[in-house]
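Report on the structure given below.
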Amino acid sequence: MSGEHASASLVATLISASPGGLDVGAIERARSALPAANAPVWLAPGMAADIPFSAPAGEARAFANEVYAALAGACADVIVQPAVGRRKKLLLTDMDSTMIGQECIDELADHVGVRPHVAAITERAMRGEIDFEPALRARVALLKGLPVAVVDDVIKNRIRLTPGARVLVSTMRRNGAYTCLVTGGFTLFTERIAAMLGFDESRANKLMVDADGRLTGEVYEPIFGRAAKLATLVELTRRLNLGADETLVAGDGANDIAMIEAAGLGVAYHAKPKVAAAAAASINHADLTALLYAQGYRPNEFVEEMAERRAN
């Protein structure tokens, strides 16, 4: 056999949404859904486990779906991938609703009384129902006149880091990976949030500000969107002399699909349906430490100190 029909060494990683969520019964049900499944390897007892097995590599997502079905609605995620090369050397992630729990533009809109309208546009854009670029221009126009100082209040009082975000970035950096935050959001937020999380760099859109420190309702062109995110992945992969299979990408919205599809491991994180359908893997229950378990890390290898130092 050859190509995607050749048998390959794969691993199914099961990750619970909470400690103790995986038991022997769940693991055995998962094993029964996989061909030639070996004994499980616990990464964190009751929390995360690997099940090595052999099957055609091109059917990884189909096997993940089989395991999901076997788990019968348990609050656990399943990632199936080649067993070789799991630890990635480049991490690209979206920011809004991925590394943080909010959509920054919706929080700004709340300050000018147009949150419901802006949030509705955001939702449609993230679902891929409308194009990102015109949707962003339309939303930014509604922010005209807003003092840029409002950003300080939003970051301090409204933005919350996604659980596991700091440990994900810090652990991968400690193990030699390069990390980049890529977002259709704004540099006013990303530069500070990237520093809080310990990213090596960030890329985003830049809002225009007038001489009085107020938003003009415009964004500098070209807009950083779907194509730019993919271009960043390609650029950094070449600059770091990496193969595509050495990259990990995570995001939740339609403008993340292109980079997710091009990654060695592309993950839809608590994502919109269109994104989940396009991704090689999905995280629907667990926090961002799931991306470390997916790479074979154990809790005693998790690192937080690097990001904590940068945040202080």
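The values are calculated or read from the model by the stated rules, or taken from the named source; none is laboratory data. Remember, predicted model here, so these are calculated numbers, not experimental data. Note that each Cβ is placed from the backbone with ideal geometry, even for glycine, and that neighbours are counted across all protein chains shown.
Gly296 - would you say it is modelled with pLDDT of 95 or more and more than 22 Å from Ala44 (Cα to Cα)?
no
Going through Val148, Val182 one at a time, which residue ends up being crowded, with 18+ Cβ neighbours inside 10 Å and β-branched (Val, Ile, Thr)?
From the options Val148, Val182, the qualifying one is Val182.
Scan segment 183-200 and report the pairs whose first residue is β-branched (Val, Ile, Thr) and whose second residue is modelled with pLDDT of 95 or more and surrounded by fewer than 24 Cβ atoms within 10 Å (Cβ to Cβ), with Cβ atoms within less than 6 Å and a gap of 6+ or a chain change.
Taking only residues 6 or more apart or on different chains, the pairs are Thr183/Ala204; Thr187/Ala204; Thr187/Lys206; Thr190/Ser202; Thr190/Ala204.
Please state which one of Leu71, Leu90 is at pLDDT below 95 and of a type in the set (A, V, I, L, M).
Selected residue: Leu71, the only one of Leu71, Leu90 that is at pLDDT below 95 and of a type in the set (A, V, I, L, M).
Please verify whether segment 162-169 includes one or more residues that are more than 20 Å from the chain's Cα centre (by Cα), modelled with pLDDT of 95 or more and of a type in the set (Lys, Arg).
Scanning segment 162-169 turns up no residue that is more than 20 Å from the chain's Cα centre (by Cα), modelled with pLDDT of 95 or more and of a type in the set (Lys, Arg).
If Asn255 satisfies every condition in (1) in contact with a helix residue (DSSP H, G or I) (Cβ under 9 Å, 6 or more places away or on another chain); (2) of a type outside the set (A, V, I, L, M); (3) under 17 Å from Thr98 (Cα atoms); (4) loosely packed, with under 15 Cβ neighbours inside 10 Å but one, which is the exception?
(4) is the only condition that Asn255 fails.
Which residues, taken from segment 31-70, are crowded, with 20+ Cβ neighbours inside 10 Å and out of contact with any Phe, Trp or Tyr (no Cβ under 9 Å at 6 or more places or on another chain)?
Ile51, Ala60, Ala64, Val67, listed by residue number.
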